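All remarks here apply to the structure that follows.
The values are calculated or read from the model by the stated rules, or taken from the named source; none is laboratory data. Only a predicted model underlies this, so the values are computations on that prediction, with no experimental measurement involved. In this analysis, Cβ positions are derived from the backbone assuming ideal geometry, glycine residues included, and neighbour counts consider all displayed protein chains. To get the accessible areas, we keep the full protein, side chains included, count just its heavy atoms, and leave off ligands, DNA and RNA. Shrake-Rupley method; radii C 1.70, N 1.55, O 1.52, S 1.80 Å.
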Amino acid sequence: MKNDKAIVVFSGGQDSTTCLFWALKNFKEVEAVTFDYNQRHRLEIEVAKDIAKELGVRHHILDMSLLNQLTPNALTRDDIEVKAGEDGELPNTFVPGRNLLFLSFAGVLASQVGAKHIITGVCETDFSGYPDCRDIFVKSLNVTLNLSMDQTFVIHTPLMWINKAQTWKLADELGALDFVRERTLTCYNGMIADGCGECPACLLRKAGLDQYLDSPKEGIE
């Protein structure tokens with residue numbers, strides 16, 4: 001893979017930043033794409049821009065504001081309180097169609113810049129009940145992209161089968177643990193690094209970090 005070109009779907013959060021470091025290790029040329037859908041915190045885009053610039057990665061920002069218009073929820077409206085799903089319902093941070101559109105447009109961009117590889121940080125192990133984070137969805141869309149453009153893309157999901165502690169372990173192995181911890185934005189309340197410590201994203205991130213730091217390194221497989 002080292003001689004190939006890759007596009008990373010990049011939000012500036014823990015998972016996508018870990019994937020960006022993974023891509024830089026595994027591919028000769030890497031570009032990143034961030035989607036502006038008028039998300040709850042505009043700081044997310046600024047964080048992504050700063051990280052891409054520091055790492056010397058060409059960065060694309062695509063306007064996806066129609067997604068905001070179609071899907072009012074806690075990630076697209078700052079007047080909606082973030083809530084976990086109850087009674088089997090999806091959490092109100094789920095943005096319908098987000099990964100479907102993001103990966104589709106990433107495929108179009110990849111076609112334009114000559115990249116055959118698309119990397120995304122979705123994860124089925126720690127996912128929050130989002131159907132578009134499942135492995136079966138990614139594999140299905142991979143086939144659809146290839147058929148739609150008569151090209152051979154490969155969608156990579158380095159985090160698909162690992163939990164948050166293992167994601168921190170991967171960042172550490174890539175020499176990026178401190179960078180990811182200090183520079184990324186995961187918090188639903190828009191606070192960089194360790195975040196607010198209270199929202200679901202921060203709780204998951206902290207629990208994984210604590211597990212990784214407190215466990216013997218050989219115990220995190």
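Here 126, 132, 172 are screened, and the one residue that is part of a helix (DSSP H, G or I), buried (at least 16 other Cβ atoms within 10 Å of the Cβ) and at pLDDT below 95 is 132.
Checking every residue in region 204-220 against the condition of being part of a loop (DSSP other than H, G, I, E, B), more than 24 Å from residue 102 (Cα to Cα) and in contact (Cβ under 8 Å) with a residue 40 or more places away in the chain gives at least one match.
Restricted to region 195-214, and to residues there that are on the phi < 0 side of the Ramachandran plot and touching a helix residue (DSSP H, G or I) at 6+ places or on another chain (Cβ under 7 Å), the residue that is surrounded by the most Cβ atoms within 10 Å (Cβ to Cβ) is 205.
For region 78-121, filtered to residues that are modelled with pLDDT of 95 or more and in a loop (DSSP other than H, G, I, E, B), the residue that is farthest from residue 207 (Cα to Cα) is 114.
Pairing residues of region 1-30 that are closer than 21 Å to residue 152 by Cα with residues that are open to solvent by 40 Å² or more (accessible area, probe 1.4 Å) and modelled with pLDDT under 95, at Cβ distances under 6 Å and at least 6 apart in sequence or on separate chains, gives 26/1; 27/1; 27/4; 28/2; 28/3.
Among residues of region 60-71 that are of a type in the set (Val, Ile, Thr), those with a beta-carbon under 9 Å from a residue that is open to solvent by 70 Å² or more (accessible area, probe 1.4 Å) and at pLDDT 65 or above at least six positions away or on a different chain give the pairs 61/49. With respect to the conditions (1) in a loop (DSSP other than H, G, I, E, B); (2) modelled with pLDDT of 80 or more, residue 75 falls short on a single one, namely (2).
Condition check ((1) open to solvent by less than 40 Å² (accessible area, probe 1.4 Å); (2) part of a strand (DSSP E or B); (3) within 17 Å of residue 186 (Cβ to Cβ)) across all residues:
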| site | (1), (2), (3) |
| --- | --- |
| 8 | yes, yes, yes |
| 18 | yes, no, yes |
| 21 | yes, no, yes |
| 24 | no, no, no |
| 33 | yes, yes, no |
| 38 | no, no, no |
| 45 | yes, no, yes |
| 48 | yes, no, yes |
| 51 | yes, no, yes |
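The residue pairs whose first member lies in region 164-191 and is basic (Lys, Arg), whose second member is part of a loop (DSSP other than H, G, I, E, B) and at pLDDT 95 or above, and whose beta carbons are closer than 7 Å, counting only pairs six or more residues apart or on different chains, are 181/193. Residue selection: residue 180 satisfies the criterion of being at pLDDT 95 or above and open to solvent by less than 30 Å² (accessible area, probe 1.4 Å). Residues in region 52-61: is at least one at pLDDT below 90 and either among the small types (Gly, Ala, Ser) or out of contact with any strand residue (DSSP E or B) (no Cβ under 8 Å at 6 or more places or on another chain) (or both)? No, there is no match, as no residue in region 52-61 is at pLDDT below 90 and either among the small types (Gly, Ala, Ser) or out of contact with any strand residue (DSSP E or B) (no Cβ under 8 Å at 6 or more places or on another chain) (or both).
In this structure, residue 139 does not satisfy being assigned to a helix (DSSP H, G or I), within 17 Å of residue 22 (Cβ to Cβ) and either without any contact (Cβ under 8 Å) to a residue 24 or more places away in the chain or open to solvent by 30 Å² or more (accessible area, probe 1.4 Å) (or both).
Of all the numbered requirements in (1) under 25 Å from residue 180 (Cα atoms); (2) surrounded by fewer than 18 Cβ atoms within 10 Å (Cβ to Cβ), residue 155 misses one, and that requirement is (2).
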